[in-house]
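Chemist: My questions will all concern the structure given below.
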Amino acid sequence: MRMDRLSRREFLRTLAAGTTAWTCLGCASRRLAARAGRDKPNIVFILADDLGWKDVGFMGSTYYETPHIDGLAGQGVVFTNAYTNGPNCAPTRASLMSGQYTPRHGVLTVGSSERGRARLRKLIPVANRTTLDASIVTLAEALKPAGYVSASMGKWHLGNDPDLGPVAQGFDVNVAGYEAGHPRSYFSPYRNPTLTNGPDGEYLTDRLTDEALKFIETHRDRPFFLYLPHYAVHTPLQAKRALIEKYRRKPPDQRQNNPTYAAMVESLDQGVGRIMEKLDELDLTRKTVVVFFSDNGGVKGITSMAPLRGGKGMLYEGGIRVPLVVRWPGVVEAGRTCDEPVIGVDFYPTLLALAGAEAPEGQCLDGQSLLPLLGGTGGLSPRSLFWHFPAYLQGKAEGARDEYFRTRPAGAVRQGRWKLIEYFEDVQLELYDLGNDIGETRNLADKLPEKTKGLHRIMTAWRESVHAPMPTQLNPKYDPG
Ligand SMILES: [Ca+2]
């Protein structure tokens with residue numbers, strides 16, 4: 001099915017209009033909508049864990065080798081300003097599944113919000129939810145009425161079945177997903193309650209790929225949604241020996257130079273390659289939308305996001321800006337780059353729109369459909385992007401404000417080229433011009449007070465609109481001396 005440019009646009013408009021709106025469309029569009037209904041695209045959503053903005057070849061890494069992911073990038077559109085909803089794992093996943101900013105579902109951080117030494121925490125942080133409420137209509141639940149069979153294969157991190165795991169939340173199949181945020185072992189025996197062990201020494205990333213290929217084979221004749229949240233490349237750093245040896249022999253980059261981590265990245269890349277190959281083999285490539293994304297920035301000390309500041313756990317760009325590719329042959333023009341800022345919650349409306357699925361009634365969705373950007377037919381409505389992280393994360397990290405915490409309770413807003421970060425302990429504001437200073441090296445808050453105030457007002461109003469909980473109580477144990 002090769003679409004010329006005009007019919008491609010028409011096709012996208014039809015999808016964007018949704019299945020209920022066809023009566024107002026012309027005959028040609030109605031035919032296209034009918035075809036869209038019959039030929040709903042499959043969705044393969046590959047989510048890497050802790051993979052940093054520059055941890056793939058197409059984003060500039062010269063040490064890690066990711067030829068398959070780079071190939072995918074060359075066949076799709078690369079988003080250079082793609083953000084996760086949280087600077088760590090669970091918040092981003094809860095936002096992907098719900099389509100909502102973190103204050104709405106309450107998964108604000110991983111585990112306890114009270115990390116680090118009590119005497120150094122000035123505020124009592126906001127209590128965290130560690131599970132996604134069952135009442136939320138997840139992406140899998142929303143796609144089901146449109147005829148999609150779905151699987152979650154890998155890290156879930158939002159609760160356990162039978163009440164809050166992937167199956168409880170609408171997936172037909174769950175492999176390896178439960179409450180844990182990292183594997184006990186990357187090698188079988190896995191000691192994972194939702195994954196049977198393979199032969200001793202089997203590698204988890206390979207196994208998840210095997211399971212994904214089986215799922216694709218089985219459901220080749222109907223629309224499927226494969227959510228593939230790899231455990232890789234989260235710690236523990238464990239990789240296949242031969243690959244580690246390969247990178248030990250390779251001259252390291254000044255900043256990216258961990259052979260085990262590099263080997264983990266390569267295994268992830270091989271998995272992506274095998275999925276692409278399977279789609280080709282089954283003649284599904286043109287019928288399948290493939291998304292490649294990460295859940296937060298890379299971990300400082302293991303990898304480098306330079307020139308971005310900071311890493312996982314921080315609201316600086318290194319913590320929340322990640323690689324993103326979307327491939328959809330016939331709709332997305334190959335080899336394009338898009339600089340428009342996009343964020344995790346955009347996937348929910350995007351995937352619903354391309355599947356012709358209805359948005360759940362009464363569930364506020366915070367993102368925008370990316371279909372106009374994917375098809376190159378238009379832009380998004382003007383908006384700001386927001387982050388809310390009213391929690392403490394311990395650990396020294398380059399780019400942090402002090403040596404005890406990766407982050408103290410904070411919020412951030414991005415509007416166009418501007419980004420404002422607020423640290424809640426002392427209403428400390430930092431303003432950055434990302435257009436000129438992608439590394440967030442020059443705080444312009446004092447130099448541009450009007451811009452700073454304006455963005456702060458926008459962020460405050462947003463917090464009120466989503467009922468974002470703020471830490472306001474002083475910690476009686478606080479004793480910085
Ligand atoms: Ca993560």
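The values are calculated or read from the model by the stated rules, or taken from the named source; none is laboratory data. Bear in mind the structure is a predicted one, so any value in this text is a computation, not a measurement. Note: ideal-geometry Cβ built from the backbone for every residue, glycine included; neighbour counts use all protein chains shown. Side chains included, ligands, DNA and RNA excluded: accessible areas come from the protein's heavy atoms. Shrake-Rupley method; radii C 1.70, N 1.55, O 1.52, S 1.80 Å.
Chemist: In square nanometres, what is the average projected area of the Cα convex hull of the chain?
Modeler: 22.9 nm²
Chemist: Continuing with the same structure: Peptides 227-235, 299-307, 415-423: what's the order by average Cβ count within 10 Å, highest mean first?
Modeler: 227-235, 299-307, 415-423
Chemist: May I pose another question? With a 1.4 Å probe and every protein chain kept in, tell me what percent of the accessible surface of segment 366-457 is carbon plus sulfur.
Modeler: 46 percent
Chemist: Quick check: from the Cα gyration tensor, does segment 439-481 come out rounded (a/c under 1.5), prolate or oblate?
Modeler: oblate
Chemist: With +1 on each Lys and Arg Cβ and -1 on each Asp and Glu Cβ, how big is the dipole of segment 127-231 about its Cα centre, in debye rounded to the nearest 20?
Modeler: 140 debye
Chemist: In Å², and per residue, what accessible area does the chain have when probed at 1.4 Å with the other protein chains present?
Modeler: 38 Å²
Chemist: Hydropathy at least 0.0 by Kyte-Doolittle, axial extent at least 30 angstrom from the Cα trace: which helices of the chain, defined as entire DSSP H runs, fit?
Modeler: Helices passing the filter in the chain: none found.
Chemist: Which order do 191, 336 take by accessible area at a 1.4 Å probe, largest first?
Modeler: Most to least solvent-accessible, the answer reads 191, 336.
Chemist: Oh, and also: Of 372, 390, 196, whose Cα points farthest to the positive end of the dipole of the chain (charges on the beta-carbon: +1 Lys, Arg; -1 Asp, Glu; origin at the Cα centre)?
Modeler: Among 372, 390, 196, the one farthest towards the positive end of the dipole of the chain is 372.
Chemist: Can I ask one more? Quantify how much of the Cα-Cα distance distribution of segment 351-481 extends past 26 Å, in percent.
Modeler: So the pairs more than 26 Å apart make up 38 percent of the total in segment 351-481.
Chemist: Given the Cα-Cα distance of residue 118 and residue 135 and 0.36 nm per residue of separation, how much length would full extension add, in nm?
Modeler: The span from residue 118 to residue 135 would gain 2.7 nm if fully extended.
Chemist: What per residue convex hull volume, in Å³, do the alpha-carbon atoms of segment 155-294 yield?
Modeler: Normalising the Cα hull of segment 155-294 by residue number yields 127 Å³.
Chemist: Something else: Are there any trypsin sites (Lys or Arg not before Pro) in segment 211-281 that are in a DSSP loop and have at most 16 other Cβ atoms within 10 Å? List them by number.
Modeler: 220, 249, 255
Chemist: Dipole of the chain (Lys/Arg Cβ +1, Asp/Glu Cβ -1, origin at the Cα centre): which of 352, 290, 475 lies farthest to the positive side?
Modeler: Positive-most Cα among the choices belongs to 475.
Chemist: Provide 346, 339 ordered by accessible surface of protein heavy atoms (probe 1.4 Å), highest first.
Modeler: If we order 346, 339 from most to least accessible, we get 339, 346.
Chemist: Ignoring ligands, DNA and RNA, how do 281, 333 rank by accessible area with a 1.4 Å probe, largest first?
Modeler: 281, 333
Chemist: Return the whole-Å distance between the Cα centroid of segment 322-347 and the Cα centroid of segment 390-419.
Modeler: For segment 322-347 versus segment 390-419, the Cα centre distance is 27 Å.
Chemist: Another one. If packing is taken as the average number of other Cβ atoms within 10 Å across a peptide's residues, how do 447-457, 313-323 rank, most packed first?
Modeler: Ranking, from highest mean packing down: 313-323, 447-457.
Chemist: How much of residue 470 can a 1.4 Å solvent probe reach, expressed as accessible area in Å² and rounded to 10?
Modeler: 70 Å²
Chemist: How much of residue 196 can a 1.4 Å solvent probe reach, expressed as accessible area in Å² and rounded to 10?
Modeler: 100 Å²
Chemist: In deg cm²/dmol and to the nearest 500, what is the mean residue ellipticity at 222 nm of the chain if only DSSP H runs of at least 4 residues count, each as -39500 (n - 2.57), divided by the residue total?
Modeler: Computed mean residue ellipticity for the chain: -8500 deg cm²/dmol.
Chemist: Report the FRET efficiency, 1/(1 + (r/R0)^6), for residue 255 and residue 184, where r is their Cβ-Cβ distance and R0 is 30 Å, rounded to 0.05.
Modeler: Calculated value: 0.50.
Chemist: What's the magnitude of the charge dipole for segment 325-481 around its Cα centre, counting Lys and Arg as +1 and Asp and Glu as -1 at the beta-carbon? Answer in Debye, nearest 20.
Modeler: 120 debye
Chemist: Given +1 on the Cβ of Lys and Arg, -1 on the Cβ of Asp and Glu, and no further charges, what dipole in debye does the chain carry about its Cα centre, rounded to the nearest 20?
Modeler: 520 debye
Chemist: Relative contact order for the chain: what is it in percent, counting Cα pairs under 8 Å that are at least 6 residues apart?
Modeler: That works out to 24 percent.
Chemist: Still on this model: Quick check on segment 320-413: take the gyration tensor over C-alpha atoms, sort the square-rooted eigenvalues as a ≥ b ≥ c, and tell me if it's rounded (a/c under 1.5), prolate or oblate.
Modeler: Verdict is prolate for segment 320-413.
Chemist: Still on this structure: Any chance you could check the Cα centroid distance between segment 274-321 and segment 167-199 for me, in angstrom?
Modeler: 21 Å
Chemist: May I pose another question? Taking a ≥ b ≥ c as the square roots of the eigenvalues of the Cα gyration tensor of segment 124-237, is the shape rounded (a/c under 1.5), prolate (a/b larger than b/c) or oblate?
Modeler: oblate
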